[in-house]
């Protein structure tokens, strides 16, 4: 390991590293909001809270695009079941086409409520996800630094370990989020657009067309009708998605080296715009490359989350879904909604990163 490895903005957690604290954040200067009161937070607590708040804010900002992405991803399975089980010619096969048209369709038919379908689970999903991830990442990074000499491999291992823990803990929230996002107003799900007879046949996997009146109702109904296993639909392909962070984080670190990103983007009061732009660029480039390689796993995860399978083994269900997508939709089926996903993940990455830096710096200022 090199003597002075490049440190990501979110890793600059030790107050001891800041030799010349900003006078605005000095303990002798009253905080603009808290006055002389100071929070008693450890470095790891600062990272954990900042990560959670950043994830929460990101969820609110990108929720409409997340709904759009989910509708486009799931649409292929409806069309496949419709063609297989109901032989109807000249039927309107695609309801959602493209980012703007899908947003317009949802807005026209469901209003603002439709665009924020699943807001509660998505915001409260991002919150614990990033809390757990950043906290674990810091711990794993320190632990692996003693046994792994190469920086890139250390970041790779830390990202996968942290991602595995956060994914396992929060998977039930994402399953509920997916179910809620596939609903429409007035007690209807998107299956009902096919009509009673066609809609029943078009339902993937024979899933009951259940309507959920909010997040808690969804948890209760899913548990009673499908059991606890339903909350871990799509967990296996979600683990495959750990490859995403394993690719993104090392790339992110190297882009930061090339673009000479260093130190804190925020100093507790102001923002260095040049460093901010380089940070966003590093995050965006790494996100695009990682998404291009790992996006098919999101298609698999979404399809498995909406299917009410029987006692089939998860591995068999995954293989069956994989072959079904390839057979009925071809290779493009694995990238359904990819542009929507980029339109969602790029701003989400930027919002998460910038807001994390702000919250971290703000919390650090209140502890001095």
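The values are calculated or read from the model by the stated rules, or taken from the named source; none is laboratory data. Keep in mind that what you see is a predicted model, and the values were worked out from it rather than measured. Cβ: placed from backbone, ideal geometry, glycine included. Neighbour counts: every protein chain shown.
Observations, loosely collected:
- If only residues of the stretch 255-277 that are at pLDDT below 85 and part of a helix (DSSP H, G or I) are counted, the one that is surrounded by the most Cβ atoms within 10 Å (Cβ to Cβ) is 256.
- Only listed residue being at pLDDT 75 or above and under 27 Å from residue 296 (Cβ atoms), chosen from 53, 65, 82: 65
- Members of the stretch 340-361 found to be surrounded by fewer than 19 Cβ atoms within 10 Å (Cβ to Cβ) and over 30 Å from residue 74 (Cβ atoms), listed by number: 358
- Qualifying residue in the stretch 135-153 (condition: at pLDDT below 85 and within 28 Å of residue 212 (Cα to Cα)): no
- Positions within the stretch 313-342 being at pLDDT below 80, part of a helix (DSSP H, G or I) and within 21 Å of residue 61 (Cβ to Cβ), in sequence order: 340, 341
- Among the residues of the stretch 198-239, just one is in contact with a strand residue (DSSP E or B) (Cβ under 9 Å, 6 or more places away or on another chain) and either modelled with pLDDT of 90 or more or more than 16 Å from residue 178 (Cβ to Cβ) (or both), namely 199.
- Pairs where the first residue, in the stretch 124-147, is surrounded by fewer than 19 Cβ atoms within 10 Å (Cβ to Cβ) and the second is outside any helix (DSSP H, G or I), C-beta under 9 Å, 6+ apart: 145/1; 145/5
- Boolean, residue 245 is surrounded by 18 or more Cβ atoms within 10 Å (Cβ to Cβ) and at pLDDT below 75: no
- Matching residues, the stretch 290-302, being modelled with pLDDT of 80 or more, in a helix (DSSP H, G or I) and surrounded by 15 or more Cβ atoms within 10 Å (Cβ to Cβ): 290, 291, 294, 296, 297, 298, 299, 300
- Criterion (at pLDDT 55 or above, assigned to a helix (DSSP H, G or I) and out of contact with any strand residue (DSSP E or B) (no Cβ under 6 Å at 6 or more places or on another chain)) met by exactly one of 48, 97: 48
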